[in-house]
1. Take segment 90-169, drop everything but the C-alpha atoms, weight them equally and run the Debye formula without solvent; then report log10 I(q)/I(0) at 0.27 Å⁻¹ to two decimals.
2. Hey, how many Å between the Cα centroid of segment 94-171 and the Cα centroid of segment 14-89?
3. How are the C-alpha pair distances of segment 182-248 spread across 10 Å bins, as whole percents from the shortest bin up?
4. Over its Cα atoms, what ratio of radius of gyration to 2.2 N^0.38 Å does segment 246-323 give?
5. Taking a 1.4 Å probe, which of K215, K331 shows the most accessible area, and what order do the others take after it?
6. Which sequence of R22, R373 reflects their accessible areas, 1.4 Å probe, from the largest down?
7. Give me the Kirkwood hydrodynamic radius of segment 213-266 in Å, from all C-alpha pairs, to one decimal place?
8. From largest accessible area down, sort M201, M351; use a 1.4 Å probe on the protein chains.
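The values are calculated or read from the model by the stated rules, or taken from the named source; none is laboratory data. Keep in mind that this is a model prediction, so the values were computed, not measured. When we count neighbours, we look across all protein chains shown, and the Cβ atoms used for this are built from the backbone with ideal geometry, even at glycine. Side chains included, ligands, DNA and RNA excluded: accessible areas come from the protein's heavy atoms. Shrake-Rupley method; radii C 1.70, N 1.55, O 1.52, S 1.80 Å.
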Amino acid sequence: MLNITILGSTGSIGKQTLDIIRNKKDIFKVSALTSNSNIELLCEQVKEFKPELTVIADKNKYKDLKNFLAGEETTILCGEEGLIRAATYEETDLVISAIVGIAGLLPTYAAIKKGKKLALANKETLVTAGNIIMKEAVEKNVKIIPVDSEHSAIFQCIEKEENEISKIILTASGGPFREKTIDELTRVTIADALKHPNWSMGKKITIDSATMMNKGLEVIEAKWLFDMPRERIEVCIHPQCIIHSMVEYIDGSLIAQLGYTDMILPIQSAMTYPNRKKTDFEKLKLSEIKELSFYEPDFKKFTCLGLAYDALEYGDSTCVVLNAANEIAVKSFLQGLIKFNDIYKLIYSIMEKHNIVAVKTIEDVLLIDKWGREKGEDLLKRGVF
Ligand code: NAD
Ligand code: MG
């Protein structure tokens, strides 16, 4: 029996993790669930999965949650201390890190420090603190198993290979605006950006996919997970999203992992690692897919992708600023405060004002993140970016 903490159980990844657990009650048990503020769904989940610990990050919702769960045998906590408690819970064997944004960093770091096995969906953790996280994982002998479909694919392609890799190729759908012109991008709406052609995900990552910042964040994530320099991480547009990513070895052999666009597979594969378990969902039928196509990404149109490669070049503190700026820009876009094209402009303006500094601790990361957010709020308020 594997006891599981899900950080962010009410989100897209969190709900799919619970779907897997629901079908595999003989091997998985929920020990802790956490949500930011969605108490209704969290309550339903608690009643069904009976975790020993339930955490609501938003302290204002704590009282309501307590009332809703009166009679349930679960310890209820709130705030950051609660999230950290869930991440380090004694009974927990595996932590699923599925909070969105840098809010996932501290609990994920705490899980690693405690030596918990980690299935990592929260990409912002490695984008902002890759160096610190990977060092801590080595020290605590923690295996970080990627959930992000591209990294899961690469992980599956290399897990048993000792051979030398020449490069990693991350595939990308190209998002909803793959075929739009640069001019058309000036007129897209929030609703257009939220219509992803292939994947159904949380709002933030869906907007990140539309700007292709998502792929940029994944390039940074891949650098840390697979210890690859940026020159050897390539992005390839593959609209069918059947190949989830590839690894090229020095002899030129290219190994790929294929599947339908469904996060259940990468999530389950992280949960059952190093084993595989039978699934009863539809298996890939290549004869029905018929064609797979590939293109180079258009860096002139998807300028955010270039910003992420630049951030990697400039170093760790720039990656923290890139992430903070992106979180602010996406939030503002979703609130209707800025246009789609302003996302890039705002991120660029914030990054331009950043003076590169060393990042040695998680506190450094949080300080730089705060600077990035405040600079963003300031530029937004003054309308200069
Ligand atoms: P989501 O928005 O659907 O869910 C986010 C979860 O985090 C929710 O449970 C929410 O309550 C919680 N949360 C949000 N803000 C919080 C805060 N401040 N404090 C504590 N908890 C908070 O997001 P998602 O699409 O499930 O994505 C989660 C993470 O996984 C992201 O980092 C995303 O990039 C990554 N990811 C998602 C997918 C996908 O298919 N959805 C694929 C690959 C990677
Ligand atoms: Mg991905």
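1. -1.36
2. Using only Cα atoms, the two centres lie 23 Å from each other.
3. Over segment 182-248, the share of Cα pairs per 10 Å bin runs 17, 45, 30, 8 percent.
4. On the way: Rg = 17.9 Å, N = 78, 2.2 N^0.38 = 11.5 Å.
Normalised by 2.2 N^0.38 Å, the Cα Rg of segment 246-323 equals 1.55.
5. Solvent-accessible surface, decreasing: K331, K215.
6. R22, R373
7. 12.5
8. Listed by decreasing accessible area, they come as M201, M351.
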